[in-house]
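Student: Encoded as structure tokens, here's the structure I'll be asking about.
Taken together, the values in this text are just the output of simple stated rules run on the coordinates, not laboratory data. None of these values were measured; they are calculated from a predicted model. No Cβ is skipped: glycine too gets one built from the backbone with ideal geometry, and neighbour counts run over all protein chains shown.
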Ligand SMILES: Cc1cc2nc3c(=O)[nH]c(=O)nc-3n(C[C@H](O)[C@H](O)[C@H](O)COP(=O)(O)OP(=O)(O)OC[C@H]3O[C@@H](n4cnc5c(N)ncnc54)[C@H](O)[C@@H]3O)c2cc1C
Ligand code: FES
Ligand code: FES
């Protein structure tokens, strides 16, 4: 295959000046290949290199900004296009947390890559609405809104505004940006799903070269479908397992560049969400956005979408995996709390051997797991809630969006009429690990739901938790908060109970 390189550096002591455009035959030295804007890239840089650094320091494309480098601000947002099932599917991602290894065989779009001969309609909307002041955040917003235009969900101002939930602006106060998002939605009037790309090219929302990206990605995938990392064996170092990198690249930013890495996203067979009878089987590369889009999940857990929207932001959800959330072992991991209540099981593999571990027995102490370093999650399983199963999740954080929880909790109740047949209650932020509240869960079995039962449950629950004071809240605050979340579970799932609580409150 022939590729055009603007900059290649294999850290073997030779490199080209980034400004010289060279064309060379891609040989075995070249490991990572992708399309950056309209240019095919082949690079021997370590696959752990941060995409943002590659874009700015090796490709000298400075439109993509460096803000927090922790996934929070969205100044570094790029679009990542993947060829799946005959179409290119674009998602926004934060390039500061993305390894170039995860760009392999993809189309990466920076703000330079959407340039046409003037401002694009999205840029024009931002300018017309006064949605840019210092301009530092603007490329990120423009990229996210352009990603919205490319997505099949591009209907309605609400979704346009949701697409910029991972972008922060210090200057504008957001109202002007929201108006620009509304204008973007209006620009799309008349765009049909079948004609989306042609419409976007005709209206200069994206440049004409986008029309040829599908074929170019197909060609790239067929040439380099499997990436081999020849240096892994040589280093003798155990490779780090990488999902989306939204935890690893925050915690171990510099170490990751030269670390040997096992890229989970390299294995398409690990991205499946399947239903086998009543069991849901989830691959370790499944992202939160994949879960939100899955009919299996949304049918069984209709509120999942609403709960997931409380977790991080669109670009982070597009990268973050469920497996990464479990192994990260944060005591307030939102999906860990949900899947503890759902009684998920993890299938670990190590050298062809498998073992199944209930998620509830994974956590042994703060960031200590019942897992050897060599074991990886191969599959996540849980019983799909049936018609008689109720599920609810609550999270309290300082901000509604893009914030981690002070305390969170989930509940699963399998009902037989008014009686609870089986229960799972979990809580985060009230101990050193994400907690499955075993005593409280078994206390609920066989009981009928009443206000008195909820009050007794709270008494049992208090014997199981051990919150500490930290930046997310004091011990006293968290001890007061969890009972409120438990009441919220029951008041949401049993509206009659909500009426009783309201009457009790009114009586003083
Ligand atoms: C801005 C921002 C906001 C966030 N907000 C939230 C939030 O609101 N709630 C929340 O819960 N989390 C939040 N997170 C944390 C993070 O996004 C999640 O924990 C995410 O699910 C991690 O998944 P990942 O694929 O990115 O993990 P990675 O960083 O790729 O990996 C995390 C860890 O899991 C290991 N790992 C991954 N997959 C496997 C596997 N299959 N087998 C064995 N080990 C594996 C990795 O080796 C690593 O140790 C946030 C992160 C950021 C950057
Ligand atoms: S630099 Fe802030 S999200 Fe990447
Ligand atoms: S315009 Fe200054 S940060 Fe948004």
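Student: Kindly provide the helix-only [θ] at 222 nm of the chain, computed as the sum of -39,500 (n - 2.57) over DSSP H runs of four or more divided by all residues, to the nearest 500 deg cm²/dmol?
Tutor: -8500 deg cm²/dmol, from helical runs alone.
Student: Further question: Calculate the FRET efficiency for residue 211 and residue 492 from the Cβ-Cβ distance with a Förster distance of 60 Å, rounded to the nearest 0.05.
Tutor: So, using R0 = 60 Å, E works out to roughly 0.80.
Student: Next question. Nearest 10 degrees, 0 to 90: what angle lies between the long axis of helix 213-223 and the longest principal axis of the chain (Cα atoms)?
Tutor: Approximately 90 degrees, to the nearest 10.
Student: Once the piece of chain linking residue 195 and residue 293 is laid out straight, how much longer is it, given 0.36 nm per residue of separation minus the C-alpha distance between them?
Tutor: Once the chain is fully extended between residue 195 and residue 293, it gains 33.1 nm.
Student: Any chance you could run the full-extension gain for residue 421 through residue 479? It's 0.36 nm times the residue separation minus the Cα-Cα distance, nm to one decimal.
Tutor: 18.1 nm
Student: Tell me, in nm to one decimal, what length is gained between residue 57 and residue 134 on full extension, where the rule is 0.36 nm per residue of separation less the Cα-Cα distance?
Tutor: 25.5 nm
Student: Taking only the alpha-carbon atoms of the range 358-403, what semi-axes of the equivalent ellipsoid follow from 5 times the gyration tensor eigenvalues under a square root, in whole Å, largest first?
Tutor: 26, 21, 11
Student: Further question on the same structure: Order these by the 10 Å Cβ neighbour count, fewest first: 152, 426.
Tutor: With the fewest neighbours first, 152, 426 line up as 152, 426.
Student: Restricting the count to DSSP beta bridges whose residues both fall in the chain, what percent are antiparallel, rounded to a multiple of 5?
Tutor: 95
Student: Could I ask something else about it? For a label point 7 Å from the Cα of residue 222 along Cα→C-beta, name the residues of the range 29-48 whose backbone N is under 19 Å from it.
Tutor: Counting only backbone N, you get 33-35, 40-41.
Student: Taking 7 Å along the Cα-to-C-beta vector as the label spot, tell me the residue 272-residue 401 distance in nanometres, rounded to one decimal.
Tutor: So the label points at residue 272 and residue 401 sit 3.5 nm apart.
Student: On each of the three principal axes of the Cα atoms of the range 60-164, give max minus min coordinate, whole Å, ordered largest first.
Tutor: Sorted largest first, the three principal extents are 37, 30, 29 Å.
Student: Nearest 10 degrees is fine. How inclined is helix 495-506 to the longest principal axis of the chain, computing both from alpha carbons?
Tutor: The two axes meet at around 70 degrees.
Student: Sticking with this one: If one puts a single equal scatterer on every Cα of the range 389-506 and applies the Debye formula without solvent, what log₁₀ I(q)/I(0) results at q = 0.12, 0.17, 0.23 Å⁻¹?
Tutor: -0.42, -0.83, -1.37
Student: Would you mind computing, in nm to one decimal, how far apart the modelled labels at residue 158 and residue 39 are, each placed 7 Å from Cα along Cα→Cβ?
Tutor: 4.2
Student: Nearest 0.05, what FRET efficiency do residue 466 and residue 117 give at R0 = 60 Å with Cβ-Cβ as r?
Tutor: In this case the efficiency is close to 0.45.
Student: In nm, give the distance between the simple-model label positions of residue 381 and residue 352, each being 7 Å from the Cα along the Cα-to-Cβ direction.
Tutor: Spacing of the two 7 Å Cα→Cβ label points: 2.2 nm.
Student: Using R₀ = 30 Å, calculate the FRET efficiency as 1/(1 + (r/R₀)^6) where r is the Cβ-Cβ separation of residue 366 and residue 258; round to 0.05.
Tutor: 0.60
Student: Something else now. Tilt of helix 138-150 relative to the longest C-alpha principal axis of the chain, in degrees (0 to 90, nearest 10)?
Tutor: It works out to around 80 degrees.
Student: Something else now. What translational D, rounded to a whole number of µm²/s, comes out for the chain from Stokes-Einstein when the hydrodynamic radius is the Kirkwood one over Cα pairs, at 25 °C and 0.890 mPa s?
Tutor: 100
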